[in-house]
1. Can you tell me the FRET efficiency between H84 and K174 if r is taken as the Cβ-Cβ distance and R0 is 56 Å, rounded to the nearest 0.05?
2. Divide, for segment 165-304, the radius of gyration over alpha carbons by 2.2 N^0.38 Å, where N is the residue count.
3. If I model a spin label at I335 and N100 as a point 7 Å from the Cα along the Cα→Cβ vector, what separation in nanometres do I get?
4. In segment 217-236, which residues have a backbone nitrogen under 18 Å from the label point lying 7 Å from V250's Cα in the Cα-to-Cβ direction?
5. Is segment 314-396 rounded, prolate or oblate when judged by the Cα gyration tensor, a ≥ b ≥ c being the square roots of its eigenvalues, rounded requiring a/c under 1.5 and prolate requiring a/b larger than b/c?
6. Cut-off under 25 Å on the C-alpha distance; same-chain residues fewer than 8 positions from K256 excluded. Which lysines are left, in chain and number order?
7. Using 0.36 nm times the number of residues separating S47 and E325, minus their current alpha carbon distance, what extension gain do you get?
8. With springs only between Cα atoms under 10 Å apart, run a GNM on the chain and tell me which of L330, L173, L54 wobbles the most.
Amino acid sequence: MSRGFFFKIGTIFLLVLLLMIPLMQINGLIAERQHRRDDVVQDIARSSSGSQTLTGPLLVIPYHKTVRTWREDVNTKQRIAEEHQVDGELYFLPETFNMNGQVQTEVRKRGIYAARLYHANSEITGHFLIPRKLGITDDYDAYRFDPAYLSLGISDIRGIEDALELRVDDKVLKVDPGTRTKMLGTGVYAMVPDLDGITATTFTYQLQLKLQGTSDLQVTPVGRASKIVLASNWPNPSFVGEYLPVTRNVDKHGFKATWTTTFFSTNMVEALDDCAGDGNCSEFNGRHFGVSLIDPVDQYLKSNRAIKYALLFVVLTFAGFFLFEVLKQLAVHPIQYGLVGLALALFYLLLLSMSEYMAFGVAYAISATACVGLIGFYVTFVLHSFFRGAGFAICLAALYAMLYELLSAEDYSLLMGSILVFGLLAVVMVLTRNVNWFNVTGRPAG
């Protein structure tokens, strides 16, 4: 009896190890399908527009400075003046920067895969305050200035959906592609005529921007005081970047979030000076925030989470069979263990394939119902009782129901999983509390 008992335990353990092979293959298939989906999403973004980051507007004033240096003539020992020209740009951040954006999402499909795009209709307003003599304190007369322009960085200008209209005070300015400055990369600009740099100048700006993008929409808070308000019909936003919104309201109909910053919190002036001085723009270009409009728990992530519990399901099912053998003195053949284990593994393959064509919840319900029905039908004959088979199927269905709750919980999956495992262990301990394991193994007590 003892040898047979331990032989049965060893056989079950070997079956569990063998079942890990198809489960690992299914796990690899999930990763492959997810990678293929990501490639399709990137391809859709390449053919339309990708994630968008807005930086600006900045006021840029090109200048040419005449620099005079002196040298001593070797022969005459006289000082000779030499002049050369230094070209550069002056950059000014706005005093206020306000953005109010309405973001609507849509799904674009390619085959069985889909990408989430958005259309952002934004109004950008604010004002600039230009210091007297452009803030130049030395040798102002040595400068010559080219016409100033406003520059707005847009990471993917293919997403601009409509002709842009920029108003400066009461004037409508023509907007052209390009930013004309390396620090902003791609974007648009508009020439600002009649800017008087001798006296302090204040002017307002207003821009209506319709922008398409994929996944992320982020904004750089360039104003001394910045306020950004974004509202959308997407109910699962992920707020990303350097700063979180000060207020946000998220429900099943969408979200609305508000960010407010100042130069005290962003230190954008120093970051801009570093970018303009030594070309190190990482700080300036990295201080953005916004929202990511993606499904936080998609079907591939849920399938991946589900298969992580596959070993637990196999072990618990085999443990249930073994308990029937112990408590009811029933004999279950290793092949019967193996067939039930294969049915459990097939659930994950069904779930993956169906979830690509229908909602994950529907795919899960169909896959779980099929596997529970098949296993329940088979177990009825293995355990020689309809009621035992039905009870086994009900317990298995309860496990699948608890697993679905785990997969749907984005923040509490670890907690719920821990409680589930503890509860199942408690059930096994209660059911076997009166079992004399010495009699089962055939070894005498003591």
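1. Plugging the Cβ-Cβ distance into 1/(1 + (r/R0)^6) gives 0.95.
2. Its radius of gyration relative to the 2.2 N^0.38 Å reference: 1.27.
3. So the two model labels end up 7.5 nm from each other.
4. Label zone hits: 217-219, 229-236.
5. prolate
6. K210, K227
7. 94.0 nm
8. Fluctuation is largest for L330.
The values are calculated or read from the model by the stated rules, or taken from the named source; none is laboratory data. Given the structure is predicted, the values throughout are model-derived calculations rather than measurements. Every residue, glycine as well, gets a Cβ built from its backbone with ideal geometry; the counts of neighbours run over all protein chains shown. SASA here: full protein model, heavy atoms, side chains in, ligands and nucleic acids out. Shrake-Rupley method; radii C 1.70, N 1.55, O 1.52, S 1.80 Å.
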